[in-house]
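This report refers to the structure that appears directly beneath it.
The values are calculated or read from the model by the stated rules, or taken from the named source; none is laboratory data. None of these values were measured; they are calculated from a predicted model. Because the Cβ atoms are built from the backbone with ideal geometry, glycine has one as well, and the counts that use them run over all protein chains shown.
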Amino acid sequence: MTNEQKELVKGTVPVLREHGVALTTYFYNRMLTKNPELKNVFNSANQHSGVQPTALAMSVLAYAEHIDNPGVLAHAINRIAHKHVSLDIRPEQYAIVGRHLLASISEVLGEAATPELIDAWAIAYNQLAGIMIGTEANLYSTTATKEGGWSSWRPFVVQKKVEESAEITSFYLYPTDGGKVVDFLPGQYITVRLYVPELKVLQPRQYSISCAPNGAYYRISVKREQGTAARPAGYVSNLLHQQVKEGDVIEVAAPSGDFTLDMNKHTPAVFISGGVGITPFMSMLEYLSEAHKDRPITWIHGCRGYDVHAFRNRVTALSGNRTTMSVHTFYDKLERDTGDQCYEGFVDLQRVEKAIVPDADYYICGPGIFIKKQVDYLRSQGIASSAIHFEEFGPAILVVE
């Protein structure tokens, strides 16, 4: 890009800050109307709630702000690439997205969208698309060439369903071809794809793998999303809970994700989860236990109450086999005595302050507001940002972290 073109892109930053979500909402409506086949790719709930347009608006803004040095977005680009690979996004789809994005900029900005500005954004978009396509190609190739690896979608049979709590059920997934499954890093997720009759489209959803790598199967543990006034009930989670039976076959994409346990470290690990955010930590804990890694562990989990507390007995059993693990549980309301390290209220790290040590690594997973609270507290205690790792379930965003 020329300096003049970079200045044109940066000149749109104020507009993107104020009207970015309106622009991206228009873009998605335009693209999905003219290319309805892409409805099989995008999460309809995130479209309905506005989460996806907001995520894209923040990403477009971040790219415009850092057009002089997009390298600072490398970590975020890698995270988005993992998400795209999990959805089987292919290079040819970038051309479709680019066409509709440029048309949306032109149609929304009107006379302000000069030919020079559109040309500048075309070059900027193609530059970013090239980076994404290259990163994703490496991820596809790396996974597909491993033992048990594959690309795109693979049929898996649900061999077993196990209720873990009043609202979370585990699904044990084995490949129908009888082959092995590619190993993964504890903390990664897989994508399952189901046909949703109400929408008349396929819908993909990412779920954390909740077991240790084993070469034979994956376990996902899915919360049944009941829905609220602000968000509809989960199409796929309800299908899995109500319609999918043992013996049924579903489509699965290979493991992805960069929220992973560093398996070479021996420093203390502190796992902090809210609700179904416990699932990636089950994979991490089972791996550490099965590999006989005597890494000190502090387990901090919060949920609404005893009946919705998934994996309670499993965590108790695993902690009993370790001399260097402590378990702390927070319930919104204590309805029964469950032990000395059970607290009433939301997760409050001040109440387990002995677990906050400078040399530990902190892994956090849960709703966005939950993550922010824990990260803010840890940073206020002088914990380095490099020691804090977190993942919020939802669309990945192109931002500097």
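General remarks:
- No other residue among 45, 62, 55 is of a type in the set (Gly, Ala, Ser), closer than 28 Å to residue 112 by Cβ and touching a Gly at 6+ places or on another chain (Cβ under 9 Å) apart from 55.
- The listed residue being of a type outside the set (S, T, N, Q), at pLDDT below 90 and not assigned by TED's automatic domain parsing to the domain that holds residue 65, out of 373, 354: 354
Per-residue answers, yes or no, for (1) over 23 Å from residue 137 (Cα atoms); (2) among the hydrophobic types (A, V, I, L, M, F, W, C):
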{"position": "172", "(1), (2)": "yes, no"}
{"position": "181", "(1), (2)": "no, yes"}
{"position": "188", "(1), (2)": "no, no"}
{"position": "194", "(1), (2)": "yes, yes"}
{"position": "216", "(1), (2)": "yes, yes"}
{"position": "235", "(1), (2)": "yes, no"}
{"position": "252", "(1), (2)": "no, yes"}
{"position": "259", "(1), (2)": "no, yes"}
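- Residue within the stretch 225-235 that is under 21 Å from residue 144 (Cβ atoms), of a type in the set (Asp, Glu) and within 20 Å of the chain's Cα centre (by Cα) present: no
- Filtered residue count, the stretch 380-401, keeping only those that are modelled with pLDDT of 90 or more and either closer than 30 Å to residue 132 by Cβ or surrounded by 19 or more Cβ atoms within 10 Å (Cβ to Cβ) (or both): 8
- Qualifying positions in the stretch 351-391 - touching a Leu at 6+ places or on another chain (Cβ under 6 Å) and not aromatic (Phe, Trp, Tyr): 388
- Long-range neighbours under 9 Å by Cβ, at least six apart or interchain, first residue assigned by TED's automatic domain parsing to the domain that holds residue 84 and at pLDDT 95 or above within the stretch 194-221, second in a loop (DSSP other than H, G, I, E, B) and surrounded by fewer than 18 Cβ atoms within 10 Å (Cβ to Cβ): none
- Matching residues in the stretch 293-345 - criterion: being surrounded by fewer than 20 Cβ atoms within 10 Å (Cβ to Cβ), under 12 Å from residue 165 (Cβ atoms) and of a type in the set (A, V, I, L, M, F, W, C): 308
- Enumeration of residues in the stretch 63-75 that are more than 12 Å from residue 128 (Cα to Cα) and in contact (Cβ under 8 Å) with a residue 60 or more places away in the chain: 68, 72, 75
- Test: residue in the stretch 245-259 that is outside any helix (DSSP H, G or I) and without any contact (Cβ under 8 Å) to a residue 24 or more places away in the chain: no
- Residues that are among the polar types (S, T, N, Q) and part of a helix (DSSP H, G or I), drawn from the stretch 119-167: 126, 127, 135, 138, 141, 142, 143
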